[in-house]
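Here, each number is a calculation from the coordinates, and none is a lab measurement. This structure is a prediction, so every number in the text was calculated from the model and none was measured. Note that we place each Cβ from the backbone using ideal geometry, even for glycine, and neighbour counts take in every protein chain shown.
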Amino acid sequence: MSDLVKSKSNFIRDIIDEHNQTGRFGGKVHTRFPPEPNGYLHIGHAKSICLNFGIAKDYGGLTNLRFDDTNPTKEDVEYVESIKANIRWLGFDWDDREYFASDYFETLYDCAVQLIKKGKAFVCHLSADELRDYRGTLTEPGRESPYRNRTVEENLDLLTRMRQGEFPDGYCTLRAKIDMGSPNFNMRDPVMYRILHAEHHRTADDWCIYPMYDYAHCVSDSVEGITHSICTLEFEDHRPLYDWFLDELEIFHPQQIEFARLNLTYTVMSKRKLLQLVKEGFVTSWDDPRMPSLSGMQRRGYTPSAIKSFAEIIGVAKNNSIVDMELLEHVLRDDLNQHATRRMAVLRPLKVIIDNYPEDKEESFEVPDFPQDPDRQTKRSVPFSNVLYIESEDFMENPPAKYYRLAPGKEVRLMNAYYVTCTEVVKDEAGQVTEVHCTYDPESRGGMSADGRKVRGTIHWVSARHAVDAEVRLYDMLFTKPNPYEVEEGGDFTDNINKHSLEVLKGCKLEPNLAFAEVGQSFQFMRNGYFCLDMVDSKPGSLVFNRTISLVDSWAKMQK
RNA sequence: UGGGGCAUGGUGCAACGGCAGCACACCGGACUUUGAAUCCGUGGAUCCAGGUUCGAAUCCUGGUGCCCCGGCCA
């Protein structure tokens, strides 16, 4: 094992190492990522994707993409397409190993016939309610179905007629014959097939009986030669059933391994709840930048590499835990700080007039694009003139003691340009500062004074004459509590939504180079943070930027 | 005495009988053409009680706490 793999030590790798030592799978490692196409992928899925693809890659194995499409009433091709796009975006490749559980419907049917012939499955006419009653309780065993001891011939005949569509939905089910006295509910004669006269997004109306997850998943894994079937903790109780089907069918037997799903502070990680947000209009779509969906994060400006290193750094265990959102933002900031293009932009403009700079003069400064990236030392030219915009928060008429940006009588550095000193403040009738006058030091061109005197403050600016107008959208955390599931009695989780999670700023002033920004490109706008040119709403002439990082503690500060 | 699973700084993850370590967060300092970033540093943890052992986060016994399971969802 390489040091790299060793450094990623986790219990799943321990299990695989043991298999490799005992030779259980002949040294082979083959995983799969098996989403149900009933919603968009979110950051929690990214953990699973990185795990499955990452482990297989490190052990020289392969990973399949398989859609677990056994419930046609919830699934849709829209989801299939978005899932594939998201995985590709993350940078993982499943080559031609793209499968669907529905590919195996015929195989699954054949296996069911086998189980019936073996006396291990039967057709049951108990209604859903009756079945629940017969299943028993946590402390009491269940009762056997009155249909449990039909003959093989009768069961075979009934299954055939189920498939042929003779019966309406819910008329009967095919059940495995295991043990109604088992303390594990999953073993109390679980349903294998139910009747569903529904249009399937791939098999259309070929079938009106559909296999249940527990039955379909293990057989699908087996058929594909999956060695390690990695799933989340809630399936631990299902493993005995997973094993039972494969043992009874006497087919290739993968190992199911369970890990704890990802929980993030401030973040809802439930497809059902996320769907609710879309349907009830809390967000505009699945790829709304406030959504924790991968599509939303992409639009927000998250990078695949940041998400992958996040998955790496949070590790894998069986502990139920909640990872701090700050860690995700740290990893992204780390990536963007080095690789995002640096630009100047003024979100809330304040006009600055440099009185001793000639009105008709123009010059430009060469400014590095990636000051933190040693591999990319490219520069761009930024125009300068006598009228500028600065961030209104970078000026204070009556500054507190430790404020060292612009203020009356104070000198600051205009980033990469000149030292300026504030000489006059102009206000409107309401007393609002409308513009500020300064003088500049011609000797300080480039941002260094000739006499070596230092200024503490450095601020960004944009030439008014050259600026590009834009709209900037500030997306904040959608949820206002570290754990959005902690709701008051009788409340819905949406009660915890931050109603001000979107602020639209119009009239933002950008340096002209930003007119050539590419959709999806992330930028670092000096003190204002990171932004991404929106992929959906942007039209020529109206640049729309989404804020990439919203500081979690902005919420904490608001609370004070 | 239903069954299954999990407990390590504030948070997440390591250590697999041998000096409890890493990251985030917090705090302090240095540096800085943004107060960001970067660099350096401090503090802080093995759920409890027994037992085995020269030695226990790790093994054993008994507690405690939390999570999951009674869909014809996955």
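Here are the numbers for this structure:
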read-out	value
Amide H contacts of A:Q521 (H built 1.01 Å from N, under 5 Å, at least 5 apart or other chain)	A:L533
Under Karplus coefficients 6.51, -1.76 and 1.60, residue-wise ³J(HN,Hα) of region A:340-356 in Hz, glycine/proline x	7, 5, 8, 9, 9, 8, 10, 7, 10, x, 10, 6, 10, 10, 9, 5, 9
Restricting region A:238-279 to GluC sites (Glu not before Pro) in coil, as DSSP defines it, with at most 10 other Cβ within 10 Å	A:E250
Those trypsin sites (Lys or Arg not before Pro) in region A:409-468 that DSSP places in a loop and that have at most 15 other beta carbons within 10 Å	A:R453, A:K454, A:R456, A:R465
Reduced Cα scattering model of region A:114-245, Debye log10 I(q)/I(0), q = 0.13 Å⁻¹	-0.58
Neighbour cut-off at most 13 other Cβ (10 Å), DSSP loop, GluC sites (Glu not before Pro), region A:405-490	A:E429, A:E486, A:E488, A:E489
Rg/Rh ratio calculated on Cα atoms of chain A (Kirkwood radius)	1.11
Distant-in-sequence amide H partners of A:F100 (H built 1.01 Å from N, under 5 Å)	A:F67
Under-30-angstrom lysine pairs by C-alpha in region A:300-385, whenever the two are 8 or more apart or on separate chains	5
Whole-Å distance, taken between Cα centres, linking region A:197-238 and region A:312-364	44
Estimated [θ] at 222 nm from DSSP helical runs (n ≥ 4, -39500 (n - 2.57)) normalised by residues in chain A, nearest 500	-8000 deg cm²/dmol
Region A:419-436 - phi-based ³J(HN,Hα) in whole Hz, Karplus 6.51/-1.76/1.60, Gly and Pro as x	7, 10, 10, 6, 10, 7, 10, 10, 10, 8, 4, 7, x, 7, 5, 9, 7, 10
Alpha-carbon centroid distance for the pair region A:485-526 / region A:288-309, whole angstrom	13
Between 0 and 90°, nearest 10: helix A:325-339 axis offset from chain A longest Cα axis	60
Degrees, to the nearest 10: A:11-22 long Cα axis against longest axis of chain A	50
Projected-area average for region A:1-141 over all orientations - Cα convex hull basis, square nanometres	13.0
In Å, descending, principal axis extents of the Cα set of region A:236-373	89, 39, 26
Amide H partners (placed H, <5 Å) of A:L264, local residues excluded	A:V323
In degrees, nearest ten, helix A:77-90 long axis to first principal axis of chain A (Cα)	60
Separation of alpha-carbon centers, region A:121-142 and region A:41-77, rounded to whole Å	33
